[in-house]
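Student: I'd like to ask some things about the structure below.
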Amino acid sequence: MNDLVRAMYQNAAEYTWARPQKDARIEGALMARLAFEATRRGDDVADVGGGNGAYGVSLMRQGRNVHLFDITPEMVADSRNRAAEVEKTEGVGLFEATVADARNLPAKKHSFDTTIAYGPFYCLQDTSSRMQMLSELKRVTKPSGSILIQTLNRTAAVRAVMNYWPSLVTVIDWKKFMSTVVMRCLPDSSATLPIFLTAHYWSTTDEVVTILKESRLSTVSVRSVDWPEPDRGQEGLEGSSQDVVDAWSQVIWDYGAIDHLFSAGNTVIFTTTSD
């Protein structure tokens, strides 16, 4: 997992930083809203798998004290640079960033009021690793605190192939994908799949709920943040005026908690607390 994740993100700092304001404006706005509403000014917030701080630095600006953890050294270094550029005026929180694996966080028990995990869950492909990661999130979060977890829908992988790599449909082992949730080529194929497809765990909502229960995490809310057209639709809004993006964001927010719409998007955010 670590090698695939590093390979995918080590040179992606500029794109990752710009994405919430570029070709994922609705997703970015709603994920930022969820993180903001789950925290308060002065809170200590863990941003686990936070990349280069696209959400963590924003929370710092809003008066939260953020400790970002990420497995990719290049992203962690970039997050420090981004945070350093923020003017240290009254009301701005603190920011710290550490290279760390989400399964073994260098933090004391109950260190954080809230933990944001927009990434680690879908970057861990085996169940034991996901369970270990969830246990760590619980350990570092105060008992009353929220833990926000981002997942990627199984339908998102199929949608990505159709939208961006349609010719790969003939070389993907679809039967294996549906049974193991790992996307690979057919045994007799010499093709190479994009890391984006092979490095992620593509889940269903029911699977995630089961894993959370087994980890003794209670689900407070589940929300899609990018339905009904997470790829081409969001990309089409890149040049739209802010009022249009705001209007679409509100529509998607208002209906994003309807369970039969979850698979219509790529990304689902689970807000949880410890049992």
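Student: Could you calculate the contour length gain from S221 to D246, that is, 0.36 nm times the residue separation minus the distance between their Cα atoms, to one decimal place in nm? Mind showing how you got there, number by number?
Tutor: On the way: separation 25, 0.36 × 25 = 9.00 nm, distance 2.20 nm.
Taking S221 through D246 to full extension adds about 6.8 nm, to one decimal.
Student: Turning to a different aspect of this structure: Need the full-extension length gain, A18 to K175, defined as separation in residues times 0.36 nm minus the C-alpha distance. One decimal, nm. Don't skip to the answer; put the middle values down first.
Tutor: Numbers: separation 157, 0.36 × 157 = 56.52 nm, distance 3.56 nm.
Result for the pair: 53.0 nm of gain on full extension.
Student: Test of understanding: ordering T267, T204 by Cβ neighbours within 10 Å, fewest first, what list do you get? Show your work: numbers first, answer last.
Tutor: Numbers: T267 22, T204 16.
Taking fewest neighbouring Cβ atoms as first place, the list is T204, T267.
Student: Quick one: dipole size for the chain, taken about the Cα centre, charges +1 on Lys/Arg Cβ and -1 on Asp/Glu Cβ, in debye to the nearest 20.
Tutor: On the way: 28 positive and 34 negative charges, 132 e Å.
So the magnitude is around 640 debye.
Student: Once you place label points 7 Å from the Cα toward the Cβ at K88 and F36, how far apart are they in nm?
Tutor: Going by the 7 Å Cα→Cβ label model, 2.5 nm.
Student: Right, something else. To the nearest 20 debye, what is the magnitude of the charge dipole of segment 91-176 about its Cα centre, counting +1 on the Cβ of each Lys and Arg and -1 on the Cβ of each Asp and Glu? Walk me through the numbers before you get to the answer.
Tutor: Working: 11 positive and 6 negative charges, 56 e Å.
Magnitude of the dipole: close to 280 debye.
Student: Oh, and also: Taking Cα pairs under 8 Å and at least six residues apart, what relative contact order does segment 101-247 come out at, in percent? Display every interim value, and only then the final one.
Tutor: Working: 155 pairs, mean separation 32.9, N = 147.
Relative contact order comes out at 22 percent.
Student: Could you tell me which of the pairs K22/K176; K142/K213; K108/K138 are separated by over 23 angstrom between their Cα atoms in the structure shown?
Tutor: On the way: K22/K176 34 Å; K142/K213 18 Å; K108/K138 11 Å.
Violating the 23 Å Cα-Cα cut-off are K22/K176.
Student: Scan around A97 for amide H atoms under 5 Å from its own, H built in the peptide plane at 1.01 Å from N, and keep only partners 5 or more places away or cross-chain.
Tutor: Those qualifying (amide H under 5 Å, at least 5 residues apart or on another chain) are L68.
Student: Please report, to two decimal places, log10 I(q)/I(0) for segment 50-120 at q = 0.16, 0.17, 0.19 Å⁻¹ as given by the Debye formula with identical point scatterers on the Cα atoms and no solvent.
Tutor: -0.51, -0.57, -0.71
Student: Please state the charge dipole magnitude for segment 150-252, taken about the Cα centre, from unit charges on C-beta atoms (+1 on K and R, -1 on D and E), reported in debye and rounded to the nearest 20. Show your work: numbers first, answer last.
Tutor: On the way: 9 positive and 12 negative charges, 100 e Å.
About 480 debye.
Student: On the first, second and third principal axes, largest extent first, how far apart are the outermost C-alpha atoms of segment 134-249 in Å?
Tutor: Dimensions of segment 134-249 along the principal axes of its Cα atoms: 51, 42, 21 Å.
None of the figures in this text is laboratory data; all of them are computed from the coordinates on show. On a predicted model such as this, the values are computed, not experimentally measured, just so you know. Glycine gets a Cβ as well: all are built from the backbone with ideal geometry, and neighbour counts include every protein chain shown.
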